[in-house]
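Comments concern the structure below.
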Amino acid sequence: MEDLIRTLFYFVIVLGAMIVVHEFGHFIVAKFFGIRVDVFSVGFGKRLWGVRKGDTDYRISLIPLGGYVKMAGENLDEQRTGAPYEFMSKPKWQRLCVAFAGPAMNIVAALAIPAAIAMAHHEVPAYLDKPPVIMAVEPNSPAEQAGLQPGDLIVKINGIANPTWQDVEDYVAVSPDQDLPITMSRNGETKHVNLHVAARRFDTEKIGFSGLKAADERITVREVNEGSPAANAGLKPGDNIIAVNGRRVEQSEYGQVEIIREIRASEGKPLTLTVRRDEGTVDIQASPRMDEGEIRLGFTQSITGREMVNQRLSLFAAIKYSVDENIRVVQLTKTALAQVFVGKRSARDTLTGPVGIAQIVGQAAQEGSVQVFRLMAILSLNLGIFNLLPIPVLDGGLIFMLILESALGVFGMTLSLRIKERMMQAGLVMLMLLMGFVIFNDISKRFPGRSSAPQQIEQPANR
């Protein structure tokens, strides 16, 4: 219950903040152009508290999921007086600026947050921007089956020449159950292989897995709690966990999740960890027990063997990093959506609604405030882009209608109020259908009977 309350709290804070940022964009530009703003609300529904300053009621409302701005004369069914402070009394270019200001603020926030983080604390794997020289290949993985070997240099992937490790990881992640053509160089000889990317579930989302490694990473025991089952069984700091109950685990964050999944499934029953210690292997057998409300063996684990870059970036370097990261997110989103339209990927495995977002926010909160802010930036970017879609009732729909009106005006034609109302109704139906689909999708993916979608285990670095 506590986890649910914590998840809902962070969900409200994160999503609410990004929507308020969006509405503030509309508000500040409307004020700049002299449009009367009647209400600036944080939340929806019944007014709980507020103050009136000038013409605007600044209020906090009952439902804390975002907010809204109410401008004079903006609604189609609203009685207009033709007063100069009304939204519809302003020139089209000013109304266009007001409509665009909300998504623009979200995009600015998406750029500002990663830049600020990079200036305060910038820690990333050192290999990400380097040429993808394969350092290791997971046994029995798609990469091994495709014939890729340590020492191979990937010179082209999916038509992209001279990729970095970041490119390779991104293309693999968004290509589950798909073939990726790879050109690689081995001992001066160029070879072409077809990498069939495997699919696996991480939480309820399907992501690609190849088995390619940029470093000799290992799941390493960092600390062992005194008096814990792990300590009593002889587990030691520095041990490299390579198998659980005889089944090999991938040496990655996903492998950490698998270890914890097995621990949680073994309460009161013996569990065997196979570890590499010095030059040999040791089997550690212990029974997990309940500790502080969770089933634990009593140790923490981390990924070692991965060189990290940890330095604060300058202002301009941070801005460049943030721009690059946002472009990367847009490109990955575009790739995933394109796969949906051509039938290579299901919408079910691609689209996430409020239920899914809430769970992702909760998981990010467990990893620390930095991850929460990173997620806020991604959500802000997606919110800004989504609102620019030319769907009536969204900002992009208003922008589309204003541009259409201007184009028709060239030929002496107008967009009648009746047509605008029909467009708004159609847009509302489209939006409701989309929301219904993603909410149903979220709930069905998390339905208890779904064995094909194992849940991601919380706090993967601490057992």
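The values are calculated or read from the model by the stated rules, or taken from the named source; none is laboratory data. These numbers were taken from a predicted model, which means no experiment stands behind them. Note that each Cβ is placed from the backbone with ideal geometry, even for glycine, and that neighbours are counted across all protein chains shown. Heavy atoms of the whole protein, side chains included, go into the accessibility calculation; ligands, DNA and RNA do not. Shrake-Rupley method; radii C 1.70, N 1.55, O 1.52, S 1.80 Å.
The residues of the chain expose on average 52 square angstrom of accessible surface per residue, using a 1.4 Å probe on protein heavy atoms. Near ALA198, the amide H atoms lying under 5 Å from its own belong to ASP177, PHE209; only residues 5 or more places off or on other chains count, and H is placed 1.01 Å from N.
Computed on segment 1-90, with alpha-carbon pairs under 8 angstrom and 6+ residues apart, the relative contact order is 28 percent.
Sequence-distant contacts, meaning Cα pairs under 8 Å at least 6 residues apart, place the relative contact order of the chain at 17 percent.
Which links in LYS53/LYS420; LYS344/LYS420; LYS70/LYS320; LYS130/LYS320; LYS92/LYS320; LYS191/LYS213 stretch past 25 Å when you go from one Cα to the other? Could you put the intermediate results ahead of the total?
Working: LYS53/LYS420 33 Å; LYS344/LYS420 36 Å; LYS70/LYS320 36 Å; LYS130/LYS320 17 Å; LYS92/LYS320 34 Å; LYS191/LYS213 19 Å.
Among LYS53/LYS420; LYS344/LYS420; LYS70/LYS320; LYS130/LYS320; LYS92/LYS320; LYS191/LYS213, the Cα-Cα distance tops 25 Å for LYS53/LYS420; LYS344/LYS420; LYS70/LYS320; LYS92/LYS320.
The 3J(HN,Hα) values that the Karplus relation (6.51, -1.76, 1.60; θ = phi - 60°) gives for segment 282-297 are, in residue order, 9, 9, 10, 10, 8, 10, x, 9, 6, 8, 6, x, 9, 7, 9, 9 Hz. Gly and Pro appear as x. Summary: within the chain, the longest segment free of GluC sites (Glu not before Pro) located in DSSP loops with at most 14 other C-beta atoms within 10 Å is 308-463.
Counted by Cβ distance under 14 Å from SER89, the other residues give a net charge of +2, where Lys and Arg count +1 and Asp and Glu count -1. For segment 113-187, the C-alpha radius of gyration sits at 1.27 times the compact-globule guess of 2.2 N^0.38 Å, with N the residue count.
Note that segment 97-113 has calculated 3J(HN,Hα) couplings of 5, 4, 5, 6, 5, x, x, 5, 5, 5, 5, 4, 5, 5, 7, 6, 5 Hz, one per residue in order, obtained from phi through the Karplus relation 6.51 cos²θ - 1.76 cosθ + 1.60 (θ = phi - 60°); glycine and proline are x. Taking θ as phi - 60° and the Karplus parameters 6.51, -1.76 and 1.60, the scalar couplings of segment 417-431 work out to 4, 5, 5, 4, 5, 5, 5, 5, 5, 5, x, 5, 4, 4, 5 Hz in sequence order, x denoting glycine and proline. Each helix, a run of at least 4 DSSP H residues, gives -39500 (n - 2.57); summed and divided by the residues of the chain, these come to -14000 deg cm²/dmol at 222 nm.
May I ask which residue of GLN251, GLN339, LEU273 lies farthest towards the positive end of the charge dipole of the chain, with charges of +1 (Lys, Arg) and -1 (Asp, Glu) on Cβ and the Cα centre as origin? Result: GLN339. Remark on VAL39: its backbone amide H falls under 5 Å from those of ASP57, LYS70, a criterion applied only to residues 5 or more positions apart or on other chains, H modelled at 1.01 Å from N. Charge tally around ALA116: other residues with Cβ under 12 Å, Lys/Arg +1 each, Asp/Glu -1 each, net +2. For the chain, evaluate the Debye formula with one uniform point scatterer on each Cα (no solvent term) and list log10 I(q)/I(0) at q = 0.08, 0.09, 0.11 Å⁻¹, rounded to two decimals. These q points yield log10 I(q)/I(0) values of -0.61, -0.75, -1.04.
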